[in-house]
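First the structure, in the form of structure tokens, and then the observations on it.
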Amino acid sequence: MEKPSLPSGTRDFSPLVMQRRKYILSVMESVFVAHGYGALETPSLENLKTLQGKYGNEGDQLLFKVLNSGDYLSNVGEDILQSKEVKLLTPHIADRGLRYDLTVPLARFVVMNRNDITFPFKRYQMQPVWRADRPQKGRYREFWQCDIDVVGANSVVSEAELIEMYQAVFARLDLGVTIRINHRGVLDAFMGVLGNKEDWNTFMIVIDKADKIGYEGVVKELSERGLTRALGAWEWLWNSKSERGNEAKLALAANTAFMQCDTLTAALNDLRSIFGLVESTENVVLDFTLARGLSYYTGAVFEVEGSDGRLPSDFRLGSIGGGGRYDNLTGVFGLKDVSGVGVSFGLDRIYDTMEAANLFEGVGVDATATLVCAMDEDCLLFSSGVARALRARLSKVELYPGTPKLKKQLDYANDKNMGFAVIIGRDEMQANQVALKNLVTGEQTHCSVEEAIGQIASVNR
RNA sequence: GCGGUUAUAGCUCAGUAGGUUAGAGCACUAGCUUGUGGCGCUAGGGGUCGCCGGUUCGAGCCCGGUUAAUCGCCCCA
């Protein structure tokens, strides 16, 4: 017999898990809507042309490609088939792939609909993305991103708004987080030290690991990669981390001679404005070592991680959200000078973090949920009428499908955390009443359907 | 793409230097209770020990291979 299994890195979500995931999604959505962001959905499949070349060299490898339909090998040249080179063959047999993130589809959408969109365009998008990465803790091959972006506005009002939306969502989820922020303009100031773009990129990759591998780790890796001339810059970055307070860090950068340039000045101004606009910067930490991988960021960058006191001390999951400003995103699709800024919420990691912090107790519990139990077949018709009457006035009412022993029906209600059982047998039917049992207290009374509705509805969660 | 670890019941796992019939908890079914759950007691069903091969009188256990899962590296939301 064939044992069923799932593709590596994918998961089923049970009703219990879905209840919690939907709870997170609904909190986010209400915050998004309250700030005027509109929903957008795009297809799971995109043309490979759209996706390729947007995520760096490694990114293309991580794209899930979808085979063409039909007899897709028939038009491939013999020489290509014989070469056994994947990179040569792939373009001939796969024209489409699964989306890798929500930002590139957004850019494509904006370019395709530029004439119909009112700018600034504020959209939210909550959909799964796929990466052919090796799965490990907190890393899945299919996972959900929840993105909010503002396209077509240069003002850092948007950056401030996004930070406040991060704060609003996590406050409502009751999850303590730290929002790290930096600005690419600060990092650009190191171009003078590095000399060329390639080495600068390498430098970004290495310093981005600072929290993971520590000061010595970065020194070691920079040396191994032949960037000893950047050790001074790294030294400065590392020291800046111990500066207390965002204002002090800004001042430090502003007063460091070797960094001075126009981009730095502009970046520090942006950061200063953002801090001024945000109501509270209590959980916003300026960190000059924050780089983030994606190459298209040009302004502020953000990263969120769980820092809740209820999390186990050894809990590490990487970031649960991130984003930044990108001035040239739609440029690759032919639309110049449209700036975008956005952040992403990683639903799966937020879930994992909340679960680790034990924050799901009570989520989705409806104390008024009611199960109607019919004692035997003769009571079913009457019971279904009662269920209908209850459902018209209450939020969640079920009629048990069938008439097994009461024990079984009550076990069912118990397992589903329902608040009440309405039991109907011959006696009740004859008296035109129901037996109303409070499943939390165990109390049971006989009453009319109207009275039952009143009693159930009076229970506040 | 590279390395470590693991693979025994539906789930989580135990299994003692290779030795008769492979165990526990949870879950499930039935009964204790002819119409009353969460707790309890009793009984029961359920496993070709991932797969293939080897060593041995004998393999869940040892060896080789294979597949899968998982953790980490590379890289990155």
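The values are calculated or read from the model by the stated rules, or taken from the named source; none is laboratory data. This one's a predicted model, so the numbers in the text were calculated from it and none came from an experiment. Neighbour counts run over all protein chains shown; Cβ positions are idealised from the backbone, glycine included. Accessible surface areas use protein heavy atoms only, side chains included; no ligands, DNA or RNA. Shrake-Rupley method; radii C 1.70, N 1.55, O 1.52, S 1.80 Å.
So for the stretch A:167-174 (the condition being open to solvent by less than 60 Å² (accessible area, probe 1.4 Å) and not in a helix (DSSP H, G or I)), does at least one residue qualify?
yes
Here is a list of conditions, (1) part of a helix (DSSP H, G or I); (2) surrounded by fewer than 17 Cβ atoms within 10 Å (Cβ to Cβ), and residue A:109 meets all of them except one; can you say which number that is?
The number of the failed condition is (2).
Let me spell it out: the conditions are (1) part of a loop (DSSP other than H, G, I, E, B); (2) away from RNA strand B (no atom under 14 Å from the Cβ); (3) loosely packed, with under 14 Cβ neighbours inside 10 Å, and residue A:388 meets all of them except one. Which number is the exception?
Single failed check for residue A:388: (1).
Would you check if residue A:425 is farther than 22 Å from residue A:457 by Cβ, within 12 Å of RNA strand B (Cβ to nearest atom), in contact with a strand residue (DSSP E or B) (Cβ under 8 Å, 6 or more places away or on another chain) and not β-branched (Val, Ile, Thr)?
When the stated conditions are applied, residue A:425 passes them.
Could you run through the stretch A:146-166 and say how many residues are over 13 Å from residue A:325 (Cβ atoms) and not in a strand (DSSP E or B)?
Summing the residues that are over 13 Å from residue A:325 (Cβ atoms) and not in a strand (DSSP E or B) in the stretch A:146-166 gives 3.
Residues that are farther than 30 Å from residue A:358 by Cα, in contact (Cβ under 8 Å) with a residue 24 or more places away in the chain and surrounded by 15 or more Cβ atoms within 10 Å (Cβ to Cβ): does the stretch A:220-231 have at least one?
yes
Taking residue A:410 and the conditions (1) open to solvent by 80 Å² or more (accessible area, probe 1.4 Å); (2) part of a helix (DSSP H, G or I), which numbered condition does it fall short on, given that it satisfies the others?
With (1) open to solvent by 80 Å² or more (accessible area, probe 1.4 Å); (2) part of a helix (DSSP H, G or I) applied to residue A:410, the lone miss is (1).
Output the qualifying pairs, or none if there are none: Cβ atoms under 7 angstrom, residues six or more apart or on different chains, first residue in the stretch A:347-372 and part of a helix (DSSP H, G or I), second residue basic (Lys, Arg).
A:347/A:21; A:351/A:20; A:351/A:21
Within the stretch A:1-33, track down each residue that is among the basic types (Lys, Arg) and within 16 Å of residue A:355 (Cβ to Cβ). Outline the logic, then answer.
We begin by selecting, within the stretch A:1-33, every residue among the basic types (Lys, Arg); these are A:3, A:11, A:20-22.
Selection gives A:11, A:20, A:21, A:22.
Enumerate the pairs (first residue in the stretch A:421-446 and under 19 Å from residue A:382 (Cβ atoms); second residue anywhere and among the aromatic types (Phe, Trp, Tyr)) with beta-carbon separation below 7 Å, excluding pairs fewer than 6 apart on the same chain, so at least 6 apart or on different chains.
A:424/A:382; A:429/A:382; A:436/A:420; A:437/A:420
Would you be able to tell me the number of residues in the stretch A:308-334 that are more than 10 Å from RNA strand B (Cβ to nearest atom), part of a loop (DSSP other than H, G, I, E, B), surrounded by fewer than 16 Cβ atoms within 10 Å (Cβ to Cβ) and in contact (Cβ under 8 Å) with a residue 40 or more places away in the chain?
The total comes to 5.
Return the residue satisfying two criteria in turn: it lies in the stretch A:413-450 and is open to solvent by 90 Å² or more (accessible area, probe 1.4 Å) and acidic (Asp, Glu), and of such residues it is modelled with the lowest pLDDT.
A:415
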